[in-house]
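So the structure is just underneath, and the comments pick up after that.
The values are calculated or read from the model by the stated rules, or taken from the named source; none is laboratory data. Since this is a predicted model, take the numbers as computed values, not measurements. Cβ placement follows ideal geometry from the backbone for every residue including glycine, while neighbour counts extend to all protein chains displayed. Keep in mind that these areas ignore ligands, DNA and RNA; they rest on the heavy atoms of the full protein, side chains included. Shrake-Rupley method; radii C 1.70, N 1.55, O 1.52, S 1.80 Å.
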Amino acid sequence: LEQSNAPFLPLIQETTWEDLPWNEYETSIMLDSQTIHGKHKKGTLGPKSHMLIIGPEGGFSGRELAFLHARENIK
């Protein structure tokens, strides 16, 4: 709170990857510096909802990466 100069505390809701409402999003975009893919597709996203997944400073755990890469519609 102090570092970002935010005027209020954010509401933090603890959850698990499995409990996220995956079916409410057309696409999930994962920012992951640990995984190397051979091809990166360029394109535009449609007007539907998209989930942005940003990993922690130390990177996702192996368990998290396995779970996320097994999901459909993750870019």
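Numbers for the structure displayed
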item	result
Count of the stretch 60-75 residues which are outside any helix (DSSP H, G or I), open to solvent by less than 80 Å² (accessible area, probe 1.4 Å) and in contact with a strand residue (DSSP E or B) (Cβ under 9 Å, 6 or more places away or on another chain)	2
Whichever residue in the stretch 20-59 is within 15 Å of Ala70 (Cα to Cα), at pLDDT 85 or above and not in a strand (DSSP E or B) and, among such residues, is least open to solvent (accessible area, probe 1.4 Å)	Trp22
